Structures are given as C-alpha cells and as structure tokens.
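S.K.: Please see the structure below; I have some questions.
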Amino acid sequence: MRLNSRFGTSSLIYASLVLVLCFKASGGSAERSSAFFIFGDSTVDPGNNNYIKTTPENQANYKPYGQNGFFKEPTGRFSDGRIIVDYIAEYAKLPIIPPYLQPSADYSHGVNFASGGAGILSTTNPGVVIDFKTQLEYFHKVQRSLTEKLGTAEAEEIISNAVYFISMGSNDYMGGYLGNPEMQQLHPPEDYVRMVIGNLTQGIQELYDRGARKFGFLSLCPLGCLPALRVLNPKGHDAGCFEQASALAFAHNNALQAVLPNLELLLPKGFKYCNSNFYDWLLDRINDPTKYGFKEGESACCGTGPYRGIFTCGGTKKDPNYELCDNPSDHVWFDSFHPTERIHEQFAKALWDGPSSSVGPHNLESLFFDKQTIADVVDNPETQQIF
Ligand SMILES: *[C@@H]1O[C@H](CO)[C@@H](O)[C@H](O)[C@H]1NC(C)=O
C-alpha cells in the first residue's frame, strides 16, 4: 500500500515533470528565435569558397581543417572545428546556418554569405572572393525568394526579426592595403580606414532599407599578432606584433565604434546592434594564454617556419609539408591567420550574454530573443522624459 502510493507519487511527479518540459518546449517555440544572416570573410565562412574559383589559400575544405570531428569532414571552415557563428546559432536554438552557395541550401532560418579572403572594398582580393557588395546582392535574392515563397507579410516579419552579423575588414587592411603598395600610394591610412568604414556603413544602411533592424559586429583583432604577420614584421621575426597592421585594426574598430551610435540616431526605427572589443579580448589571450586555459598564444598549431606563421597548413603544391600540433585547444591560433575552435567558442559566449561593460549596447541573446534591456529603456524617448 505504502509502496504503491509512493510509486503513485513519483509517477505523478514524473508526469508533471514531463508536462512542465512539454510546456517549456512549446513555450520555446512561442519565443521563436530570429533568423540569422551572416556576411563576412574567413572568420565566418562555412564553405562558400568551396563553390567558387579561387586559390587554395582561400579554401579550407581539406585536412587538417575540421579535424576535431564535429563535422564529418572538412567543410571549408578555417578552424579545427566550429566557428563563431555555429555557436551563436546553437545558443539561438537554430540549426547550423548553411553556406549560400551550397546546392539546395535551406534558407528558412537564415543563410551565410561569407567568403574567405573577402573584403568590404571590392578592390580587396578581386576575382577570387565574394566581396561585400556581392554578398549584399545575394541577400537581396534570398529576400525576393522568401517573399515569393511565403508572401510579403511573412517575409517582412522574418527580415525585420532576423539578426545580421557582419565580420569583415581584416583582408582590406592585410592584402588590400599592407600587401598593396599602390593602394598605400593612393591613400594615407586615415583615408583608407574612412573608405572601408564608409562602405561598411553603406552596406548596413542598404540592409536597413531592406528591412533589417538587428545587427551584430565582430570587431577586428590585433592583426599584427597573427602568426603570419609576426613573420612579416619589418622590424624582424622576434620584434613582436607587426605594429602597423594592429594600428589599422585599432583605428578601424574606433571608427566603427564611433559610427554605430550615429547610425542609431539616423536610422531611428528600431535599429539595434551588438558590438564589442575583440581587439583587447584577443590580445589578453595572446599575451597571457595560461590565464585563459591556453598554453600558446603566439605560435599557430598548423603551419611552418617561425610561429608556424608561413601559411602552409594542409599542404600546398609548393610545400606539401607542414607541422601540426597535438592539441589545437592549447593554442589561440589554429593556422597562420585563424584562431582555434576554442577561441571561436569563448568569443561567441562573450557576445551572447556578456555584460554591458564588454558587449553593447545589446548582447546577442537580447537581439535574438527580443529581451528588453537597459539600452531599450534608455533609448526609448518616452522613458527618457521620466529621467
Ligand atoms: C567605397 O569604396 C570606394 C573604393 O573602393 C570609394 O571610392 C568610395 O568612396 C567608398 N564609399 C564610401 C561611402 O566611403
């Protein structure tokens, strides 16, 4: 009798637990996540470059890329596994967002237009990448096909609720400027940064005009500390980070940081964004790797030469031999230009629910799930009158 009633109680508890879980699950779909559209370069390319004519340096669909086995085979991601947008999609309860050029890709949760080597300017690595302008044209095509498939109202709702993530600019400063003496002759650095930011701003505005409202930005890392750029330091291999490269990234980040609040004023109908300081965040890990659970902040896991900064990861026709570390997770850098999965994961976490001291004015969680934040209250003119 006692045993029976105990059994009865526990199955009741079990039944209500199942009910609660079901309720939560359906509650989760009411709190439907926003779609996710991604623009950028190799930091966020999930394999678009597998489908274009380009050079081996701009592709990563061969071993040891993707070696940690999360994906069955190398996908084209420049990482030992996942990249930042894969984690963001997971936190947002979305499936993996497919590359735009993948045949029969499903666009219903968004799509990724990023292309390794791409720049904001069309003059950056021309002919071998999908530049920002073309990525924006592809977005327009997706928008038209959503409208045809779902009708104007539903398509508009998807577009305005979606989060637009932009991770671009590094290639404009590396290949597009430092590797391009003619460009340096034509434009002093301040001019060039203004041009890059001008074109980025134009792109944001174009997306806004098409209905986009919620934006996330991955600011630039200290470019001169990439293993590939340490090797190119004109002061010598052992002189540390290539200062001029880091200075360009720093100036770019400052300019972006200054432009975004202006856009918020210029585009008043619900323009919201998430930005953060990836520069200092990564520099901390490069300079003090053990503090963050890494063993090596300067040398890449994969490559040859000093800092494994010579970009031979995966082998090339010129040099099929390359070195590979045992445990990529010990390293900040996977190859001469790109961080490891572990860095991607840590930064995705920081952008997702980082405090307003490090991510702002909104974090990605509040953009995806439309949570009210302090920034909303302060932005709202009606509440401002109260203060
Ligand atoms: C965009 O970049 C081009 C060079 O590629 C430049 O001529 C143009 O002025 C830039 N646009 C803006 C708005 O800065």
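The values are calculated or read from the model by the stated rules, or taken from the named source; none is laboratory data. The shown structure was predicted, so the numbers you read here are calculated from the model rather than taken from an experiment. With ideal geometry, Cβ positions are generated from the backbone for all residues, glycine too; neighbour counts draw on all protein chains shown.
S.K.: Under 8 Å by Cβ, and 6 or more places apart or on different chains, what pairs join a residue from the stretch 196-210 that is more than 7 Å from the ligand (Cβ to nearest atom) with one that is of a type in the set (S, T, N, Q) and in a helix (DSSP H, G or I)?
M.R.: From residues that are more than 7 Å from the ligand (Cβ to nearest atom), the pairs are Arg210/Gln143.
S.K.: Sticking with this structure for a sec: Got a sec? Which of Lys349, Lys371 is among the basic types (Lys, Arg), surrounded by fewer than 20 Cβ atoms within 10 Å (Cβ to Cβ) and at pLDDT below 95?
M.R.: It is Lys371.
S.K.: Continuing with this model, one more query. Collect the residues in the stretch 99-113 that are in contact with a strand residue (DSSP E or B) (Cβ under 8 Å, 6 or more places away or on another chain) and surrounded by fewer than 22 Cβ atoms within 10 Å (Cβ to Cβ), keeping them in residue-number order.
M.R.: Selection gives Ala105, His109.
S.K.: Please return the ranges of helices (runs of 4 or more DSSP H) entirely within the stretch 95-198 where 2 or more residues are over 17 Å from Phe217 (Cα atoms) and at pLDDT 95 or above.
M.R.: Answer list for the stretch 95-198: 132-150, 152-161, 181-186.
S.K.: Just to check your reading of the model, which residue among Pro261, Pro189, Pro268 is more than 14 Å from the ligand (Cβ to nearest atom), under 30 Å from Arg308 (Cα atoms) and either free of Cβ contacts under 8 Å to residues at least 40 places away in the same chain or surrounded by 14 or more Cβ atoms within 10 Å (Cβ to Cβ) (or both)?
M.R.: Unique residue meeting the criteria: Pro189.
S.K.: What are the residues in the stretch 56-94 that are farther than 23 Å from Cys221 by Cβ and polar (S, T, N, Q), if any?
M.R.: Asn61
S.K.: Going through Phe337, Phe294 one at a time, which residue ends up being assigned to a loop (DSSP other than H, G, I, E, B), farther than 17 Å from Gly224 by Cα and of a type in the set (A, V, I, L, M, F, W, C)?
M.R.: Answer to the selection: Phe294.
S.K.: Does the stretch 80-90 contain at least one residue that is in contact with a Cys (Cβ under 9 Å, 6 or more places away or on another chain) and at pLDDT 95 or above?
M.R.: Yes, there is a match, as at least one residue in the stretch 80-90 is in contact with a Cys (Cβ under 9 Å, 6 or more places away or on another chain) and at pLDDT 95 or above.
S.K.: Which number in (1) in contact with a Ser or Thr (Cβ under 6 Å, 6 or more places away or on another chain); (2) surrounded by 15 or more Cβ atoms within 10 Å (Cβ to Cβ); (3) over 30 Å from Pro234 (Cβ atoms) marks the one condition that Tyr91 misses?
M.R.: Going through (1) in contact with a Ser or Thr (Cβ under 6 Å, 6 or more places away or on another chain); (2) surrounded by 15 or more Cβ atoms within 10 Å (Cβ to Cβ); (3) over 30 Å from Pro234 (Cβ atoms) one by one, Tyr91 breaks only (1).
S.K.: Sort out which residues of the stretch 174-198 are out of contact with any Asp or Glu (no Cβ under 9 Å at 6 or more places or on another chain) and within 15 Å of Phe132 (Cα to Cα), and write them in order of number.
M.R.: Within the stretch 174-198, Gly176, Ile197, Gly198 meet the criteria.
S.K.: Tyr87 fails exactly one of the following numbered conditions: (1) in contact (Cβ under 8 Å) with a residue 60 or more places away in the chain; (2) among the hydroxyl-bearing types (Ser, Thr, Tyr); (3) within 16 Å of the ligand (Cβ to nearest atom); (4) outside any loop (DSSP other than H, G, I, E, B). What is the number of that condition?
M.R.: (3)
S.K.: Among Leu218, Leu229, Leu223, which is out of contact with any strand residue (DSSP E or B) (no Cβ under 8 Å at 6 or more places or on another chain), more than 16 Å from the ligand (Cβ to nearest atom) and within 30 Å of Glu137 (Cβ to Cβ)?
M.R.: Leu223
S.K.: Can you find even one residue in the stretch 217-226 that is more than 16 Å from Leu283 (Cα to Cα), of a type outside the set (Phe, Trp, Tyr) and not in a loop (DSSP other than H, G, I, E, B)?
M.R.: There is no residue in the stretch 217-226 that is more than 16 Å from Leu283 (Cα to Cα), of a type outside the set (Phe, Trp, Tyr) and not in a loop (DSSP other than H, G, I, E, B).
S.K.: Follow-up question, since we're still on this one. Residues that are near the ligand (Cβ under 10 Å from one of its atoms) and touching a residue at least 24 places away in the same chain (Cβ under 8 Å): does the stretch 143-164 have at least one?
M.R.: The answer is no; no qualifying residue exists.
S.K.: For the stretch 286-319, which residues satisfy the criterion of being under 19 Å from Gly81 (Cβ atoms), more than 22 Å from the chain's Cα centre (by Cα) and buried (at least 21 other Cβ atoms within 10 Å of the Cβ)?
M.R.: Gly303, Arg308, Gly314
S.K.: Also, quick follow-up: Could you grab me the full set of residues in the stretch 129-162 that are crowded, with 20+ Cβ neighbours inside 10 Å and closer than 18 Å to Val44 by Cα?
M.R.: Answer for the stretch 129-162, where residues must be crowded, with 20+ Cβ neighbours inside 10 Å and closer than 18 Å to Val44 by Cα: Val129, Ile130, Asp131, Phe132, Gln135, Phe139, Ala162.
S.K.: Do the conditions hold for Met183, that is, is it within 14 Å of the ligand (Cβ to nearest atom), over 21 Å from Glu243 (Cβ atoms) and either among the hydrophobic types (A, V, I, L, M, F, W, C) or touching a Lys or Arg at 6+ places or on another chain (Cβ under 6 Å) (or both)?
M.R.: no
S.K.: I would also like to ask the following. Conditions first: (1) hydrophobic (A, V, I, L, M, F, W, C); (2) crowded, with 23+ Cβ neighbours inside 10 Å; (3) in contact with an Asp or Glu (Cβ under 7 Å, 6 or more places away or on another chain). Ile96 passes all but one, so which condition is the exception?
M.R.: Answer for Ile96: the failing condition is (2).
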